[in-house]
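Right, one structure below, let's go through it.
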Amino acid sequence: MAVRAIGNATIEKVEEICGPGFKPARMFPKFDQDAFDAQKGWMVPEHVQEGSDRLIGSVHTWVVKTGRHTILIDTCLGNHKDRHNPGWNKLNTPFLERLEACGCHPDSVDFVMCTHLHVDHVGWNTKLENGRWVPTFKNARYLFAKREYAH
């Protein structure tokens, strides 16, 4: 993705994984297949996998750089973690290398903002190092909603 600028800040999307996931009826109880079919012309292949109706999903972080700070918004799934979803279980992705390729070394992150505490938004908060889970962004301050944390 291209780097976007807002004032003196830049925003860049860094993907961990992207591809077909679930069918929409799984998430939308009042899903209307006919209405969906009528819109497929513009949705396939970028948003819907042709022939399967599975939605294309992206698990990614946003890297926000200001003149003073580097901020990550959500930290994806993380490698080596036990996940119930088979497509997410025990991942081994080059996510950290992708972060570094856009000029974001883990030690340079000042803040990690977790929009919510689902597994696909907090996974890289820790990484497996020498058999132990350690903070991935050791210099960062982690931000999340008090109500979310309490839940």
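The values are calculated or read from the model by the stated rules, or taken from the named source; none is laboratory data. What you are looking at is a predicted structure, and each value in this text was computed from that prediction instead of being measured. Heads up, the Cβs are rebuilt from the backbone with ideal geometry, glycines too, and the neighbour counts pull from every protein chain shown. For the accessible areas, the whole protein counts, side chains as well, though only heavy atoms, and no ligand, DNA or RNA atoms are used. Shrake-Rupley method; radii C 1.70, N 1.55, O 1.52, S 1.80 Å.
Here the translational diffusion coefficient of the chain follows from Stokes-Einstein with Rh set to the Kirkwood radius across Cα pairs; for 20 °C and 1.002 mPa s it amounts to 125 µm²/s. The local environment of residue 139, defined by Cβ-Cβ distances under 10 Å, has a net charge of 0 under the rule Lys, Arg +1 and Asp, Glu -1.
Each of 113, 39, 9 was scored by the projection of its Cα onto the charge dipole of the range 1-148, and the greatest displacement toward the positive side belongs to 113; charges sit on the C-beta of Lys, Arg, Asp and Glu.
Computed over the alpha-carbon pairs of the range 1-88, the distance histogram in 5 Å steps reads 3, 12, 16, 17, 14, 15, 12, 8, 3, 1 percent, short to long. Where only DSSP H runs of four or more residues are counted, the chain gives -4500 deg cm²/dmol as its mean residue ellipticity at 222 nm, each run worth -39500 (n - 2.57). Computed over the range 51-107, the percent of Cα pairs more than 19 Å apart is 42. Listed by chain and number, the aspartates and glutamates whose C-alpha is less than 19 Å from the C-alpha of residue 13, apart from same-chain residues fewer than 8 away, are 46, 74, 97, 100, 107, 110, 120.
Run the count for the range 22-151, please: Lys pairs, Cα-Cα under 15 angstrom, 8 or more apart or on different chains. So the count of such lysine pairs works out to 5.
Note on the range 92-151: Kirkwood radius taken over Cα pairs, Stokes-Einstein applied at 10 °C and 1.306 mPa s, translational D equal to 126 µm² s⁻¹.
Distance between the modelled labels on residue 110 and residue 52, one decimal in nanometres: 4.1 nm (7 Å Cα→Cβ projection). Could you tell me whether the range 6-46 comes out rounded, prolate or oblate from its Cα gyration tensor? Rule is a ≥ b ≥ c as square roots of the eigenvalues, rounded for a/c under 1.5, then prolate if a/b exceeds b/c, otherwise oblate. Prolate is the answer for the range 6-46, as a/c is 1.5 or above and a/b outweighs b/c. Taking all protein chains as shown and a probe of 1.4 angstrom, residue 59 keeps an accessible surface of around 10 Å². Near residue 8: Cβ cut-off under 14 Å, other residues only, Lys/Arg at +1 and Asp/Glu at -1. The net charge is +3.
Close amide-amide hydrogen proximity is noted between residue 112 and 72, 141, 142, 143, each under 5 Å apart and 5 or more residues distant or on a separate chain (H modeled in the peptide plane; Pro and chain starts excluded).
Modelled this way, with points 7 Å down the Cα-to-C-beta line, the labels at residue 31 and residue 8 are 4.7 nm from one another.
Largest accessible area first, the listed residues 22, 28, 36, 95 line up as 28, 22, 36, 95 when surface is computed with a 1.4 Å probe on the assembled protein chains.
Estimated from the Cβ-Cβ distance and a Förster radius of 30 angstrom, the FRET efficiency linking residue 38 and residue 62 is about 0.40.
Each residue of the range 30-45 was assigned a 3J(HN,Hα) from its phi angle through the Karplus curve 6.51 cos²θ - 1.76 cosθ + 1.60 (θ = phi - 60°); the sequence is 9, 4, 10, 4, 5, 5, 4, 4, 5, 9, 4, x, 9, 8, 8, x Hz, with glycine and proline shown as x.
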